[in-house]
Amino acid sequence: MASENGELTGAGYINHHLTNLTYGQFPDGTWGFAHGAEEAASMGFMAIHVDSMIWSIGLALVMFAIFRSIAKGFSAEAPSKVQCFVESLFDMAQDSKDSTFTKQAKNEWIAPMALTIFVWVFFMNLMDLLPVDWIPYALEYSGISPYMKIVPSTDVNVALGTALGVFIMIIYYSLKVKGPIEFGKELSLQPFGKWLLPFNLVLELVGLLAKPLSLGLRLFGNMYAGELIFILIAMMYSAGWGLGLIGGVAQLGWAIFHILVITLQAYIFMMLTIVYLSQAHEHH
């Protein structure tokens, strides 16, 4: 919110950077872009965060373009440095899959899928290292939009949507590998046997639904907190040269540390996906 003299307050600055570019239906029935968090909230569940859609899909296309370019230039005799780096990433995903899956549970799709998830989540997280004001204010001054969140993983919809995709794969492989009957028994007869079937079912369903929730909320919570810290440090620039200089050093230090955070969060998301899919392949 701005103050009475029109200047942007600290709360308004934070609110501005945490507001998505939202498109949806207004309470009066018209459609359009929201002009603030209040209008976005009034649009309800069916509103679309356009910025999250653009950046997440755009980064996925960039990822696929990079992989395609490397695949087209693949050379077993004289591999490039980029090719060697990508091969090391694939070896990491393959080793993670092999160390988690049993020898009986063979699925050649898991390692490539895990690598795709790791790189995509890493690219979305990587946007957090761009200065928080550059792109949003550039778009605002050009008249395109006053709101633009460029880190898709700080949007709970993106984080939970990605986790939902993993959850669908968990259900698919549970039914494919175990069959509907065995999967149903696994949910209803464990861990206390047939005499406590209703309790077993509730317990197992809670555990099953907790997988995508924990997967998505862990990513969202860590990235949202990191983005908020960047915003809070950036507020120091408006307090004069002294605090601005301290803020610059703090931004650099947090950015260096955040490189570890964004990589670790992508790796955790990948590993938990592999673990959950490994459980979906196991017979009980």
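The numbers here are math on the coordinates, done by the rules we state, and not lab data. Just so you know, these numbers come straight off a predicted model, no measurement behind them. FYI the Cβ positions are ideal-geometry reconstructions off the backbone, even for glycines, and counts take in every protein chain you see.
Computed from Cα positions, the angle between helix 81-100 and the longest principal axis of the chain comes to roughly 50 degrees. For the residue pairs Lys72/Lys106; Lys106/Lys176; Lys178/Lys211; Lys97/Lys194; Lys97/Lys185, the alpha carbons lie more than 24 Å apart in Lys72/Lys106; Lys97/Lys194; Lys97/Lys185.
A dipole drawn for the chain from +1 and -1 charges on Cβ atoms has a positive end, and of Val156, Phe167, Phe230 the residue lying farthest that way is Phe167. In the chain, a dipole from Cβ-located charges (positive for Lys and Arg, negative for Asp and Glu) runs towards its positive end, and of Ile57, Gly44, Pro146 it is Ile57 whose Cα lies farthest in that direction.
Sparse packing (at most 15 other Cβ atoms within 10 Å of the Cβ) combined with a DSSP loop state is found for the following trypsin sites (Lys or Arg not before Pro) in the stretch 99-206: Lys103, Lys106. The angle between the Cα long axis of helix 197-234 and the main principal axis of the chain comes to about 30°, on a 0 to 90 degree scale.
Computed over the chain with a Gaussian network model linking Cα atoms closer than 10 Å, the most mobile of Tyr172, Tyr267, Tyr224 is Tyr172. Calculate how steeply helix 241-281 sits against the longest principal axis of the alpha-carbon atoms of the chain, using the helix alpha-carbon long axis, and give the answer as 0 to 90 degrees to the nearest 10. Its long axis makes an angle of about 20 degrees. Remark: Met46, Met236 ranked as Met46, Met236, counting other beta-carbon atoms within 10 Å and listing the fewest first. Counted without the sites themselves, the longest stretch of the chain free of GluC sites (Glu not before Pro) in a DSSP loop having at most 10 other beta carbon atoms within 10 Å is 109-284. For the stretch 31-76 versus the stretch 138-174, the spacing of their alpha-carbon centroids is 7 Å. Fully extending the segment from Ile48 to Leu209 would add 55.5 nm, taking 0.36 nm per residue of separation and subtracting the current Cα-Cα distance. Only the Cβ atoms of Lys and Arg (+1) and of Asp and Glu (-1) were treated as charged; on that basis the dipole of the chain about its Cα centre amounts to roughly 1040 debye. Largest mean-square fluctuation among Phe192, Phe122, Phe90, in a Gaussian network model of the chain whose springs join Cα atoms under 10 Å apart, belongs to Phe192.
Of the residues Trp254, Gln190, Met92, the one whose Cα sits farthest toward the positive end of the charge dipole of the chain, with +1 on the Cβ of Lys and Arg and -1 on the Cβ of Asp and Glu, is Gln190.
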